[in-house]
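What follows is a single structure, written as structure tokens, with notes after it.
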Number of protein chains: 2
Amino acid sequence: MRAAGFRVTPARRAIAAALLGVGRPLSPAEVLALARRERPGLGRATVYRTLALLVQLGLVVPRPAPGGIRYSLVSKGMHRLVCRSCGVELLLTECPAGSLAGELARRYGFQVDGHLLEFYGLCPDCQRS
Amino acid sequence: MRAAGFRVTPARRAIAAALLGVGRPLSPAEVLALARRERPGLGRATVYRTLALLVQLGLVVPRPAPGGIRYSLVSKGMHRLVCRSCGVELLLTECPAGSLAGELARRYGFQVDGHLLEFYGLCPDCQRS
DNA sequence: ATAGATGCAAAAGATTTGCATATCC
DNA sequence: GGATATGCAAATCTTTTGCATCTAT
């Protein structure tokens, strides 16, 4: 963060802490609510600006979810099994994709620093209805 | 579609055709504009309702993109290399994930019918700035 | 014939922007 | 000290909802 030439401020700390503390993807509204516990005066706009910055820096990934985009730290739970009907998620540990990253970097000149692997389908409950 | 007990209507055809015609993820506004070429009176609300239905049915996936959620047909380009700064995308052909799908179905009782694999990073141009 | 789908307009939400003030380095 | 970041409020955009009408099956 500082390495990239951006300032480390209390607002940014609070927002990062909110994402760190909870192990699941959060909507901007949830991030605001959580971060305000630590920093009561925090403004909505700052949350949006900071989330965009964290995405830019590759520290956070936006994910579509029923009800809008949610954000989660890159390191946590990037491999999921998601029910497209009710939205339940299972976190997976397997990752057959990591090995491809280096190969892609070499081939396309990208600096690859994360990936997302999601399987979609219907959970047992939703298969019934 | 019909198999799942839903009606096949001109509005739905036009929306599906829009997604089929263009090979990239579209925002709801883009879907509306394209589908209106075929069906001028099409309403915005119908686009949202139909996109949600197509996601439910597993025919379309929502993806986060700079500027909001975009939708694309499941069959097309589910494996991508995305620049988190400018948003350029490369489609990939490799897929080390397919083999896991069956295993997950067995283990968790999910009916797995699609997956999304994305690598994030910086494209050569954005690495410079 | 009738449950389901549509289009419209309005309501509700979400995100962005402009700007004066406060703050990190 | 000076560029950066912040918080607020308003402006803008996106998405959802209620309802009367229409249409696939």
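Nothing in this text is a laboratory measurement; each read-out follows from the coordinates by a stated rule. No experiment lies behind these values; they were computed from the predicted model shown. Every residue, glycine among them, receives a Cβ derived from its backbone with ideal geometry; neighbour counts consider all protein chains shown.
Looking at region B:2-98, the trypsin sites (Lys or Arg not before Pro) that sit in a DSSP loop and have at most 15 other Cβ atoms within 10 Å of their own Cβ are B:R2, B:R7, B:K76. Highest mobility in the GNM of chain B, judged by mean-square fluctuation with C-alpha springs under 10 Å and restricted to B:G67, B:G114, B:G21, is found for B:G67.
For B:A29, the point set 7 Å out from Cα toward Cβ sits 2.2 nm from its twins in the other copies, listed from shortest up.
Is there a quick way to get the dipole size of chain A? I mean about its Cα centre, with the Cβ of Lys and Arg at +1 and of Asp and Glu at -1; what is the value in debye to the nearest 20?
Dipole size: approximately 560 debye.
Once the piece of chain linking A:E38 and A:L91 is laid out straight, how much longer is it, given 0.36 nm per residue of separation minus the C-alpha distance between them? Length gained, A:E38 through A:L91: 16.3 nm.
Residue by residue along A:97-108, Cβ atoms of other protein chains within 10 Å of the local Cβ number 4 on average. Compute the label zone of B:A52 within region B:20-34: residues whose backbone N is under 15 Å from the point 7 Å along Cα-to-Cβ. Under 15 Å, as judged by backbone N against the label point of B:A52, lie B:28 of region B:20-34.
GNM on chain B, alpha-carbon springs under 10 angstrom: the most fluctuating residue among B:Y71, B:Y108, B:Y48 is B:Y108. Per residue, the protein assembly as shown reaches -12000 deg cm²/dmol at 222 nm when only DSSP H runs of four or more residues are counted, each adding -39500 (n - 2.57).
Toward the positive end of the charge dipole of region A:78-128, with +1 on the Cβ of Lys and Arg and -1 on the Cβ of Asp and Glu, the farthest Cα among A:F110, A:T93, A:V82 is that of A:F110. Sorting A:H115, A:H79 from the fewest to the most surrounding beta carbons within 10 angstrom yields A:H79, A:H115. Among beta bridges identified by DSSP and lying wholly in the protein assembly as shown, the antiparallel ones come to about 75 percent.
The Cα trace of the protein assembly as shown gives Rg and Dmax of 19.2, 55 Å, the first to one decimal, the second as a whole number.
Spread over its residues, the convex hull of the C-alpha atoms of region A:2-70 is 83 Å³ per residue.
The ratio of the alpha-carbon radius of gyration of chain B to the globular-protein estimate 2.2 N^0.38 Å is 1.19. Between A:V88 and A:C83, the built amide H atoms are under 5 Å apart, and every one of these is 5 or more places off in sequence or on another chain. GNM on chain A, C-alpha springs below 10 Å: top fluctuator among A:P96, A:P28, A:P66? Of A:P96, A:P28, A:P66, the Gaussian network model singles out A:P96 as fluctuating most. The distance between label points at A:S27 and A:F6 comes to 2.3 nm (points 7 Å beyond Cα on the Cα→Cβ vector). Distant-in-sequence amide contacts of B:G114, defined by a placed amide H-H separation under 5 Å and a gap of 5 or more residues or a different chain, comprise A:Y120.
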